[in-house]
Structures are given as structure tokens and as C-alpha cells.
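The values are calculated or read from the model by the stated rules, or taken from the named source; none is laboratory data. In this text, all values refer to a predicted model and were calculated from it rather than measured experimentally. A quick note on method: Cβ atoms are made from the backbone with ideal geometry, for glycine too, and the neighbour counts reach across all protein chains shown.
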Ligand code: CTP
């Protein structure tokens, strides 16, 4: 049997990037031979094995044929006769379809190295269409390698468009889609992921609520970029530039969905878009079964981001309601994530990327003033239950009034 390093490990070595996980392909072997060597099978009818020591994936060279719709509809053909070239041709991109032996000799029948040099994400063959998840994968690679100048090849974008229009994307499971989306959002240019999905018509299928923002104007005084979709991309770009976590990036992507619902005659104003957007945010959250912390933050940022921007003008009682809504006493981190999401929203505007955002520290100060109210003295007075809750609220309101005064003097 011959063993080759394949896929991302080869690609990233050639790009001079760190290689984190290595996939191997085994040519000329049977499943029985692999088992005899101590490899552990990954699934009953999947020709992939884990190395007994390293745990790395070793796949028998295989060809795949699609036998039906959706992800279940695959038949695999793995046998010792399948050649390395036959295995590589069913892979997604030319830059992912190179193999390397233990002497670092490259097998590159589909010109992956040329595409690496020319900075193209190009599909290997029509077999690309056999897995619709690849539409998301290509968009994710575009987000990751945008900083190196990579572009999706026009013929690949066309194939992605056909796949998006065919209805195949709807067959993807929430889990597989979320894995790609969450990884893509954590790349260095997540806005490119959304842009590429939009360019090939996949955004309209996957997140029509986000797609609907493009072409919707906002008032130029606050939004020199005007277009709500462009604004959303810029907010996401800012979140990545400021190395924000996934929760914040997800909230940034969804914060303005309500603007897509404004009747045209009300443009460019978007009255109550924060509230109107909530049902859309909920729908997107649920469609991809986003983790609970992502879901919660997206809803809270959607509902309260304008409060964040107006923080310095808010009455003490409104500030208190805001802090209560976040349960800032038990979940201080979540409020901090809200603050930075608001800041990204403020900076994700054309020409305003460097603006200062005094609201952030002001909100932090308000949170710490309210959290500074001690419970112990109230307990010592014998208060409990709803009475204790009311007294705490009163004390916190007092603290916030004092805070507001000290901040304005
Ligand atoms: N592959 C594919 N189509 C998919 C998934 C994977 O063709 N839907 C192939 C590609 O050749 C890919 C290899 O399997 O390079 C390994 O897949 P994976 O580990 O998911 O991705 P990597 O390319 O290693 O990329 P990453 O750095 O994102 O892990």
C-alpha cells in the first residue's frame, strides 16, 4: 500500500501556513489490511480509519457517486484498484486535491499548485456538485484566504450558483451548515464569506433575512455607506479586525435584520426595526441551531443596540431596565459582549471606522455602579422575596442616578 498526505495539510504547507490536522489517503489497500494493522474504523460503511497512535484520519482511496438527494445519498466505492488520481478528482477544490508522499513529492494532476500561485479557488471537476456543503466551504476558504488575494474562479462561482438554484442547499442539515458558518465567521475576513454566498445566490436560500438587507437604504447622516447590507458586512469586518468572539460576530451579522422589513415608503428611516427584527433573528438562530449563547446575544443586541448608541442620554430608569434585561449581575460577560457589538455597529460605517465610542466605557461604568449595590445590608434589614427584589431595584436606581450625575459633571 502507498500512503499520501492530502488536502489541507498539503495546501497549507505550500502556502507557508501552520498545518494543524493531517489527512492521509491510502492507495492499494483493503479495509481488512487496515484493521490488521491496528487502524480503527470510523464508521461501519465508511472507508476511513484512525491511526492507532496518532489518531489521524486515513481514508482508503475512493470514488464517490451520488445516488440520491441530500447528504445520505452517497455510494462509496473503495477498492485497492482506485488510483490516487481517481481519489483526488472527486475533491472540492484544486488546491485541496494535491497529495504528497513521505519524500514531499507532489502529485498534482489538477494543477492545484498553479491555482495556489494564481490565487484561485477553483473546483476540480463536475463532481464538485455532489456535495452542496461545498458552496459554504468555498465561501469559507474565500474568507480565510482573502488576505492572500484569493478569489473564487468564475466557473466555480457559476457552478455554485447552479447548486444554489437547484434546491440542493435546502437538503443540508443544520449541524453541517452551522459548522461551516461558525468557522467562516471566525476567519480573518468573515464579510467575504457572506459576500461570496450572496454573489452565487446561496445567501438568498440560506439566510434570506440577511440577503434582504442589500439595496435597503439608511439615512446618510448616520450611515454614509447608505446600504444596510453593506453596513452589515462592515460591522462584521470590524468585529473580525477587533478579534471578537463568535457570539459577537453572530450578533453583528443579525443585528439589523428588521431593516429588511421596512415598507419602502418609510425608507430611509427604520422605525422600531430593533423590535421588528426579533422574529427574524429567532428564525435564523433556529434554522441553524446556533448555540444558546450565540442565540441569546443576537436577540439582545438586535433588541437593544440603539439603546447602546444612546447610552449617554438614557434615563437612569432606562439604564436600569437595560441592565436587568441582560441579567448583568449574574452574566457580566454577556453585557460586555453587547457593548462591544454596539461598538462594532458604530464603527461599521463608511469613514467612521476610527471614531471613538464613549458609550462603551459609560455602559461599563453603569454596570459596575449597579453591580456595586450590596445585598447584605438589605438582608440584614430582614428583607426577602419580592420585597428584597424591589429594595435592590431602588438601591440600584439610586446608584445609577448618582453615576449619571458624576459622569456629567
Ligand atoms: N473534502 C472535499 N469536500 C468536502 C469536504 C472535504 O472534497 N465537502 C476534501 C478536500 O480535499 C479537503 C479534504 O477533504 O482538503 C479534507 O477536508 P477537511 O479536513 O474538512 O478540510 P481541509 O481542506 O483540511 O481544510 P481546513 O483547513 O478547513 O480543515
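General observations
- Matching option when the condition is over 32 Å from the mean Cα position of the chain (by Cα) and either assigned to a helix (DSSP H, G or I) or surrounded by 14 or more Cβ atoms within 10 Å (Cβ to Cβ) (or both), among 363, 397, 352: 397
- Screening residue 232 against (1) assigned to a loop (DSSP other than H, G, I, E, B); (2) crowded, with 19+ Cβ neighbours inside 10 Å leaves a single unmet condition, (1).
- Per-region count, segment 13-49, residues surrounded by fewer than 16 Cβ atoms within 10 Å (Cβ to Cβ) and free of Cβ contacts under 8 Å to residues at least 40 places away in the same chain: 19
- Identity of the residue in segment 318-349, under 25 Å from the mean Cα position of the chain (by Cα) and assigned to a loop (DSSP other than H, G, I, E, B), that ends up surrounded by the fewest Cβ atoms within 10 Å (Cβ to Cβ): 331
- Residue 158 at pLDDT below 95, farther than 13 Å from residue 14 by Cβ, surrounded by fewer than 23 Cβ atoms within 10 Å (Cβ to Cβ) and more than 14 Å from the ligand (Cβ to nearest atom): no
- Taken as a whole, the condition of being in a helix (DSSP H, G or I) and more than 25 Å from residue 259 (Cβ to Cβ) applies to residue 162.
- Among the residues here, residue 7 qualifies as in contact (Cβ under 8 Å) with a residue 60 or more places away in the chain, within 10 Å of the ligand (Cβ to nearest atom) and on the phi > 0 side of the Ramachandran plot.
Residues checked against (1) surrounded by 15 or more Cβ atoms within 10 Å (Cβ to Cβ); (2) more than 12 Å from the ligand (Cβ to nearest atom); (3) modelled with pLDDT under 95; (4) under 20 Å from the mean Cα position of the chain (by Cα):
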{"residue": "122", "(1), (2), (3), (4)": "yes, yes, no, no"}
{"residue": "135", "(1), (2), (3), (4)": "yes, no, no, yes"}
{"residue": "140", "(1), (2), (3), (4)": "yes, no, no, yes"}
{"residue": "144", "(1), (2), (3), (4)": "yes, no, no, yes"}
{"residue": "147", "(1), (2), (3), (4)": "no, yes, no, yes"}
{"residue": "152", "(1), (2), (3), (4)": "yes, yes, no, yes"}
{"residue": "171", "(1), (2), (3), (4)": "yes, yes, yes, yes"}
{"residue": "175", "(1), (2), (3), (4)": "no, yes, no, yes"}
{"residue": "180", "(1), (2), (3), (4)": "yes, no, no, yes"}
